[in-house]
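In what follows, a structure is listed as structure tokens, so that the remarks can point back to it.
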Amino acid sequence: MSERKLRIAVDMDEVIADPISKFISLYNRDYGIPLDLQIEPGNEMYHHVPENIKLRLWDYINEKGFFRDLAVMPNSIEVLQKLQEKYEIFIVSAAMEFPNSLQDKYEWLADHFPFIGWQNIIFCGHKIVNVDILIDDRIKNFVDFNGRKLLFSSPHNLLLRGYERVNNWKEVEQKLL
């Protein structure tokens with residue numbers, strides 16, 4: 001009897017998909033106010049816009065189509081293909097928070113990660129998953145998770161300490177292959 005592969009759960013937003021660049025593009029288009037691509041460590045996107053515009057960011061993320069054309073994080077496709085040879089890969093997204101994102105995210109994954117079948121895509125609320133490794137940018141998803149936690153760097157989490165951190169997909173590759 002063969003031993004099962006270790007399982008890795010991979011978050012989507014700010015891990016394999018880049019919503020930050022899209023927020024910046026939409027904001028610059030709609031307001032003509034330059035928004036720097038460099039978000040200060042520890043801050044969220046909304047910390048960098050005028051108070052009267054903050055809620056518009058929530059409008060963007062709730063619009064149908066917002067998640068459909070996000071940029072792919074560098075090297076994520078190639079590294080996940082390599083990881084899939086050694087591990088069972090699951091994409092796990094708290095997509096239920098933004099119901100309009102479900103179809104967008106599914107189609108985006110089919111376009112960019114067709115080697116990950118629908119059986120290994122989990123759209124949920126809380127990320128309660130039975131895997132060995134979780135790669136995520138939000139530490140709230142590590143609560144009650146007993147496996148290996150890899151914190152994927154994003155501006156909002158750069159000041160956090162005490163987690164095994166990966167800054168990019170090449171570092172994921174070095175740690176797991």
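The values are calculated or read from the model by the stated rules, or taken from the named source; none is laboratory data. Note that the coordinates shown come from a computational prediction; the quantities given were computed from them, not determined experimentally. A quick note on method: Cβ atoms are made from the backbone with ideal geometry, for glycine too, and the neighbour counts reach across all protein chains shown. The protein model used for the area step is the full one, side chains on, heavy atoms only, and it has no ligands, DNA or RNA in it. Shrake-Rupley method; radii C 1.70, N 1.55, O 1.52, S 1.80 Å.
How much accessible area per residue does the chain have, in Å², with a 1.4 Å probe?
Roughly 54 Å² per residue, with all protein chains present.
Computed from the Cβ-Cβ distance with R0 of 41 Å, the FRET efficiency linking L55 to L177 stands at 0.45.
Close amide H pairs (under 5 Å, H built 1.01 Å from N) link M73 with A17, D18, residues at least 5 positions away or on another chain. Summing charges over neighbours of Y87, with a neighbour being any other residue whose Cβ is under 9 Å away from its Cβ, gives 0 when K and R count +1 and D and E count -1. Could you work out how far the C-alpha centroid of segment 1-33 sits from that of segment 43-80, in angstrom? Here the answer is 8 Å between Cα centres.
Applying a length cut-off of 30 Å (Cα extent along the axis) and a mean Kyte-Doolittle floor of -1.0 to the DSSP H helices of the chain leaves no helix.
Largest mean-square fluctuation among I33, I116, I24, in a Gaussian network model of the chain whose springs join Cα atoms under 10 Å apart, belongs to I33.
Counting only DSSP H runs of at least 4 residues, each contributing -39500 (n - 2.57), and dividing by the residue count of the chain, the helix-based mean residue ellipticity at 222 nm comes to -9000 deg cm²/dmol.
The percentage of C-alpha pairs in segment 113-162 whose separation is greater than 16 Å is 48%.
Dividing the Cα radius of gyration of segment 73-150 by 2.2 N^0.38 Å, with N the residue count, gives 1.10.
Eigen-decomposition of the gyration tensor built on the alpha-carbon atoms of the chain gives equivalent ellipsoid semi-axes of 28, 18, 15 angstrom, largest listed first. Rg and Dmax of segment 19-84, both derived from C-alpha coordinates alone, stand at 14.2, 45 Å.
Just the protein heavy atoms count here, and of the accessible area of segment 1-105 at 1.4 Å, carbon and sulfur take up 52 percent.
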